[in-house]
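Asker: Have a look at this one before I ask anything.
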Protein chains: 4
Amino acid sequence: MILVLKASATAREIAAICDRIRSLGFAPAVGSAAERVVVSFVGAGPAIEPDLFSALPGVDKILPLRPAYRLASRAAHPADTVIRVGDATIGGGNVAFMAGPCSVENRAQTLEVADALAGLGVKILRGGAFKPRTSPYSFQGLHESGLEILAAVRERTGMAIITEVLAVADVPLVAAYADILQIGTRNMQNYPLLAAVGAQARPVLLKRGMSATVEEWLLAAEYILSQGNGNVMLCERGIRSFDKATRGVFDVSAIPLLKKLTHLPVIGDPSHATGHWDLVAPVAKAAVAAGADGLIIEVHAHPDQALSDGAQSLRPARVAALLTDLRRLTAALDRGLDVRDMGLRLAERSVASAA
Amino acid sequence: MILVLKASATAREIAAICDRIRSLGFAPAVGSAAERVVVSFVGAGPAIEPDLFSALPGVDKILPLRPAYRLASRAAHPADTVIRVGDATIGGGNVAFMAGPCSVENRAQTLEVADALAGLGVKILRGGAFKPRTSPYSFQGLHESGLEILAAVRERTGMAIITEVLAVADVPLVAAYADILQIGTRNMQNYPLLAAVGAQARPVLLKRGMSATVEEWLLAAEYILSQGNGNVMLCERGIRSFDKATRGVFDVSAIPLLKKLTHLPVIGDPSHATGHWDLVAPVAKAAVAAGADGLIIEVHAHPDQALSDGAQSLRPARVAALLTDLRRLTAALDRGLDVRDMGLRLAERSVASAA
Amino acid sequence: MILVLKASATAREIAAICDRIRSLGFAPAVGSAAERVVVSFVGAGPAIEPDLFSALPGVDKILPLRPAYRLASRAAHPADTVIRVGDATIGGGNVAFMAGPCSVENRAQTLEVADALAGLGVKILRGGAFKPRTSPYSFQGLHESGLEILAAVRERTGMAIITEVLAVADVPLVAAYADILQIGTRNMQNYPLLAAVGAQARPVLLKRGMSATVEEWLLAAEYILSQGNGNVMLCERGIRSFDKATRGVFDVSAIPLLKKLTHLPVIGDPSHATGHWDLVAPVAKAAVAAGADGLIIEVHAHPDQALSDGAQSLRPARVAALLTDLRRLTAALDRGLDVRDMGLRLAERSVASAA
Amino acid sequence: MILVLKASATAREIAAICDRIRSLGFAPAVGSAAERVVVSFVGAGPAIEPDLFSALPGVDKILPLRPAYRLASRAAHPADTVIRVGDATIGGGNVAFMAGPCSVENRAQTLEVADALAGLGVKILRGGAFKPRTSPYSFQGLHESGLEILAAVRERTGMAIITEVLAVADVPLVAAYADILQIGTRNMQNYPLLAAVGAQARPVLLKRGMSATVEEWLLAAEYILSQGNGNVMLCERGIRSFDKATRGVFDVSAIPLLKKLTHLPVIGDPSHATGHWDLVAPVAKAAVAAGADGLIIEVHAHPDQALSDGAQSLRPARVAALLTDLRRLTAALDRGLDVRDMGLRLAERSVASAA
């Protein structure tokens, strides 16, 4: 870390700054640049916050030289993190595809959309049993009975399940049913919850906070990683802006930026970002073209009857069309789409039924 | 609620919209305006979300006529909510004053600043024992031993205590020590936590999320109120903007807006909003001039040694000057400043020591 | 337009509202919905602003039914606007490609990069002769001598020229040299300038204001269109956000949204949006995957020596790689890339030199 | 300026960086801090942009040590700029008060509100003759005939006139009629216009761009100052945010920040910031409590009939009440309110009429 002092800094202030650095276990070096005194030190230990120096008299500018996150950093871990869930692979080059309803509303609704998606080769089903809703009077999800429905769908289709967990107390329950735990945008800085999902074994999809910087997001991932769970995915789902023409702004530039900064897979959520079903496919393609490791998309067999997010949900037929487009797109990018080969699968089924 | 249909809406679509309204227990009325079909209903029951109609074919515009919050609404409860904590009063016209360190770092630091503030007549001490920090490597607070220090300070000074609670599991513990529970900006939409503080008896100070709209904020309050705890204060602490010249932007317009929309007291936090101690006093005065029911301000006896937020912490001597200014300011606004009269108090002490 | 009145609206207020509507030349219709009085009218004439009703006593909600822009609207003009400049085509399906230096710094620098780009088949050269700089002490461009250099490049390479115009007084001069006039982000709502470029014949590229909504942007285009110049392109160049990790946020969702709302071509500028050369190619691909009609990209033969925007400028060799990628990408999207076929062109040259 | 190099910087890169610094006329100094090479120089000449170094290989961090604005800087000019217009004084301690209609709609409307304001002692009348409107179909102002009305009002009431100028070509015309020229939020970075108002003698009120940082705003002021016109006021009028509950967010923290950074007077515009007349008075008081040197407020005798901004316009009776409140408020802040003493004035009138 480098501290550039004010032109007016006194010898007493310089000494106090050096003392503070020593008290933290580091060796200060005093030099000068551009007629200013510069005090610096090299930190081998835990990250040192700029905040610890900002109120010291005489300090003008504080320049951290390392990111505050370490486990999430690409510099520290050059190889891509690759997460395997069921027969799906997330990270490492291919494009994962997760889809399903916003909410698990009931068994029939969930089975209908899950069967359709399984028939398209989708390997990972999303669906909310615990729903964080802006109003306390909105539908809050089916809770454990929703998880049971998701488990039944997994049994029937072989799809892995991703679902949101809202409360520390629910982590064991949700982890007992789900293959991937989702942390929603409102909980990106819910640190007890991050610690709780970090202390269990399921992979975690961490949505970006609505107005979180990329650095804050990586530090939120660091909370999970530092508890021992290395299987974290980052999900861009649209940030807040001044324009209400779309629900959020899909920060597509953040995707290649993250691929530089971190080894963790990056997933795009065009449904929440746009809020309109007819913008979902173009933004999904954009996310992949920018380098996303996967997509998570809201799908409903009857969007007009959805209890939540109907306006941004695709019908299964549109998912089929999107998958066709994504196959061509990923091929043109020298990447693969991690969806089951249904021709092969049908052949396998024939073999199985003949046996 | 009023639904304006597309010019192209068909009779079948209109019928389906009416069916949806009936299925929710309301009676649809079909009319027209500006050559469009308009379907409307009057909702007496629980709030109906616009989202339930947004995916119905034929719907163009959705116009809710009531705010989604009800318990928080000024329309439903015209009289100001007044919260009494110790000998302090929050809401109802006077200006409450809460002050203290960002973090409870140790007993000596806390006592020093608490004694200084008590000597100025401050009735409510702030201080964090559980600290939500952006980085997992930052100081996270003293936890229960921090609460014990706060309780000792209360015993010694008579000041009420406000402190943050981060986790549902900690609510009983924190409520056992604190007089007011604080929900921080990162947890404004942590619904299990809101429900937990709503289900206990201590008053709650609810900080605005960094990018929460006023409506989302009031709905977060509604989560607490709907659990039975009516003693909720709203705390404006700066919102996110594009400019990093200050830590946040203090949304001063939100104060008079909230005074129209809700009966809940509104507190201003100029310390977090600005991030710089020398901007705190002007913004504190601005908050009061705009109608805030109180202030919460970070104070440290030695800001240069603070473990967190030193740069935005006032020294006690500056708090004394601010209180002098606020006395004159509130008088000019025909309001009072809810701080103990230390002249009187010293006189009482003399009497007590003579007895 | 539909006006929903307050529950408390009086007969006198309703009458005044109807009078106001009549005074604007429309026929008010009074009805009711959800126990509210609703006053509406159908406007055949010029757009009526909601603002004209917002201060009328008794008015609660104002619902415009048509966008305030008309000439820019897809509803009014379903077919794509296609703009031809030299041998380049913008709009109508293919992907146009404009590239060049931020600033025209001198003849040698401009020729070097222009020759490299012409050699790659690029049809449109960008380059600034009038530079809007945040600081008055920054390089402001070569002005007319910069335009002369651009004209010389056009003569030599056959590329069309796009360059920015900053001042009404310079419009004739710039239009005399340039093939496309660029209006920069800072001037999106400089209405005299919009009117001036609307009153001349060159196509106009209109960059989005840093915090302009999509509607404000389309209304800015309407200023140009309403002066008689129908050849307007919209350029997304990144909007302002709270995160400084990238220079702006490339609002990729705005691309498919604009393709719905308007017939005007939409161009993506990943250079200004990201501010970092190594994020340019991924975001360029994302823009195309989302449906952009073209790209505009900053290129410099020696970015380290650039007088402006060096950090976000690609070297020509990277442009070559990007074009290769875009050829494959556009093919996978059933679109074409509007770049000269250099194989063919070299063959033509051989023929020409033999003749 | 201090450049911190990457850990991987080579001797060749260091040499190239030093060469670049020398080529700009400065002497590079090479040192080290925290195991990094640091290259620095002291710039005595014109401001050097960080951008000139950002693309140089080996550069990691760039640390400018001086603000890019100089004439606007408080460091360079410690004393407050005080601007005198008619018998009004702006800057230097007192609170100036400008009020009037959004638009000059006609003679009768303007006279009615001007007479009312003059009767309250208001010294400066605002009123728009050239209106920048988001839609080309909105009322654009009366242009020169509007200026004539304003001049007639000045003749009759003795009030000074502030009015907006939109176009370089109109600067001489507007300056011939107005006492203060206003640059609107959309034109904050219209550099030719800034230069034009900088090259004439009237004081200028420079509104902050809707998403301009404080630094960008001061640099816009620098464009005016560097043309020789030192009489510039800065007007905070609300910045863009994610919340549409108010028209903008009044950045009250920017007021004390600007008082530190610059010697120029700072004016608050609570009308445009809030968009609602009933929020204007609280935010006006907040601006003054935060240290603003003045206010500019929209007033209309009949807001329901206003052609623009009716919803945010105060009636004269409410201005009277606000002035009464501001008198008490400024007294409590040991400041004065720069409004004519109407008691005295009436007495003078009696004397005059007796003479």
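Asker: Do we have D:Ile255 as assigned to a strand (DSSP E or B), modelled with pLDDT of 95 or more, surrounded by 24 or more Cβ atoms within 10 Å (Cβ to Cβ) and not hydroxyl-bearing (Ser, Thr, Tyr) here?
Answerer: Criteria not met by D:Ile255.
Asker: Condition check: hydrophobic (A, V, I, L, M, F, W, C) and either more than 13 Å from chain C (Cβ to nearest Cβ) or more than 21 Å from the chain's Cα centre (by Cα) (or both). Does D:Val339 satisfy that?
Answerer: Against the criterion (hydrophobic (A, V, I, L, M, F, W, C) and either more than 13 Å from chain C (Cβ to nearest Cβ) or more than 21 Å from the chain's Cα centre (by Cα) (or both)), D:Val339 qualifies.
Asker: A further question follows. Scan segment C:114-135 and give yes if some residue there is of a type in the set (S, T, N, Q), assigned by TED's automatic domain parsing to the domain that holds C:Arg318 and touching a residue at least 24 places away in the same chain (Cβ under 8 Å), otherwise no.
Answerer: Checking segment C:114-135: not a single residue is of a type in the set (S, T, N, Q), assigned by TED's automatic domain parsing to the domain that holds C:Arg318 and touching a residue at least 24 places away in the same chain (Cβ under 8 Å).
Asker: Ok, one more. May I ask you to list the residues in segment B:274-302 that are away from chain D (no Cβ under 14 Å) and within 19 Å of B:Leu329 (Cα to Cα)?
Answerer: Scanning segment B:274-302 gives B:Gly294, B:Ile296, B:Ile297.
Asker: Select from segment A:60-86 the residues that are within 9 Å of another protein chain (Cβ to nearest Cβ), touching a helix residue (DSSP H, G or I) at 6+ places or on another chain (Cβ under 8 Å) and either part of a strand (DSSP E or B) or hydroxyl-bearing (Ser, Thr, Tyr) (or both) and list them in ascending order.
Answerer: A:Tyr69
Asker: If I ask for residues that are part of a loop (DSSP other than H, G, I, E, B) and either farther than 25 Å from B:Ala212 by Cβ or among the acidic types (Asp, Glu) (or both), which ones from segment A:135-151 would you list?
Answerer: A:Leu142, A:His143
Asker: Among the listed residues B:Arg36, B:Arg70, B:Arg74, B:Arg20, which satisfies the condition of being touching a His at 6+ places or on another chain (Cβ under 7 Å) and either outside the structural domain of B:Asn229 (by TED's automatic domain parsing) or over 19 Å from A:Arg133 (Cα atoms) (or both)?
Answerer: Result: B:Arg74 is the single residue among B:Arg36, B:Arg70, B:Arg74, B:Arg20 that is touching a His at 6+ places or on another chain (Cβ under 7 Å) and either outside the structural domain of B:Asn229 (by TED's automatic domain parsing) or over 19 Å from A:Arg133 (Cα atoms) (or both).
Asker: Quick one: D:Leu225 ticks every box in (1) buried (at least 23 other Cβ atoms within 10 Å of the Cβ); (2) touching a residue at least 60 places away in the same chain (Cβ under 8 Å); (3) within 12 Å of the chain's Cα centre (by Cα) except a single one, so which number is it?
Answerer: Status for D:Leu225: all satisfied but (3).
Asker: Scanning segment C:7-54 for residues that are over 39 Å from the mean Cα position of the chain (by Cα) and charged (D, E, K, R), which turns out surrounded by the most Cβ atoms within 10 Å (Cβ to Cβ)?
Answerer: It comes out as C:Arg36.
Asker: (1) hydrophobic (A, V, I, L, M, F, W, C); (2) crowded, with 20+ Cβ neighbours inside 10 Å; (3) under 24 Å from D:Ala287 (Cα atoms); (4) outside the structural domain of D:Gly294 (by TED's automatic domain parsing): which one isn't true of D:Ala88, the others all being true?
Answerer: The failed condition is (4).
Asker: Which one is farthest from B:Tyr137 (Cα to Cα), of the residues in segment A:174-189 that are within 13 Å of chain B (Cβ to nearest Cβ) and out of contact with any strand residue (DSSP E or B) (no Cβ under 7 Å at 6 or more places or on another chain)?
Answerer: A:Arg186
Asker: Now for a different question. Filter segment B:161-201 down to residues that are more than 25 Å from A:Phe130 (Cβ to Cβ) and surrounded by fewer than 20 Cβ atoms within 10 Å (Cβ to Cβ), then give me how many there are.
Answerer: Total meeting the criteria: 4.
Asker: Looking only at segment B:16-42, how many residues end up being under 21 Å from A:Asp309 (Cβ atoms) and of a type outside the set (D, E, K, R)?
Answerer: Number satisfying all stated conditions: 5.
Asker: Go through segment A:22-40 and give me each residue that's not in a strand (DSSP E or B) and not aliphatic (A, V, I, L, M).
Answerer: Those that are not in a strand (DSSP E or B) and not aliphatic (A, V, I, L, M): A:Arg22, A:Ser23, A:Gly25, A:Phe26, A:Pro28, A:Glu35.
Asker: Quick check: anything in segment D:190-200 over 17 Å from D:Leu147 (Cβ atoms) and more than 10 Å from chain C (Cβ to nearest Cβ)?
Answerer: Yes, segment D:190-200 contains a residue that is over 17 Å from D:Leu147 (Cβ atoms) and more than 10 Å from chain C (Cβ to nearest Cβ).
Asker: Which one of the conditions (1) more than 10 Å from every other protein chain (Cβ to nearest Cβ); (2) closer than 29 Å to B:Leu117 by Cα does B:Asp170 fail to meet, given that it meets all the rest?
Answerer: (1)
Quick grid of which residues meet (1) within 14 Å of chain C (Cβ to nearest Cβ); (2) at negative phi:
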| site | (1), (2) |
| --- | --- |
| D:Phe97 | no, yes |
| D:Ser103 | yes, yes |
| D:Ala108 | no, yes |
| D:Leu117 | no, yes |
| D:Val122 | no, yes |
| D:Arg133 | yes, yes |
| D:Pro136 | yes, yes |
| D:Gly141 | yes, no |
| D:Glu144 | no, yes |
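Asker: Does segment B:40-49 contain at least one residue that is in contact (Cβ under 8 Å) with a residue 24 or more places away in the chain, away from chain A (no Cβ under 13 Å) and touching a Lys or Arg at 6+ places or on another chain (Cβ under 7 Å)?
Answerer: Within segment B:40-49, none of the residues are in contact (Cβ under 8 Å) with a residue 24 or more places away in the chain, away from chain A (no Cβ under 13 Å) and touching a Lys or Arg at 6+ places or on another chain (Cβ under 7 Å).
Asker: Of the residues C:Arg202, C:Arg107, C:Arg126, C:Arg133, which single one is among the basic types (Lys, Arg) and within 29 Å of D:Val249 (Cα to Cα)?
Answerer: On inspection, the qualifying residue turns out to be C:Arg133.
The values are calculated or read from the model by the stated rules, or taken from the named source; none is laboratory data. As the structure is a computational prediction, the values presented were derived from the model and not from experiment. Glycine gets a Cβ as well: all are built from the backbone with ideal geometry, and neighbour counts include every protein chain shown.
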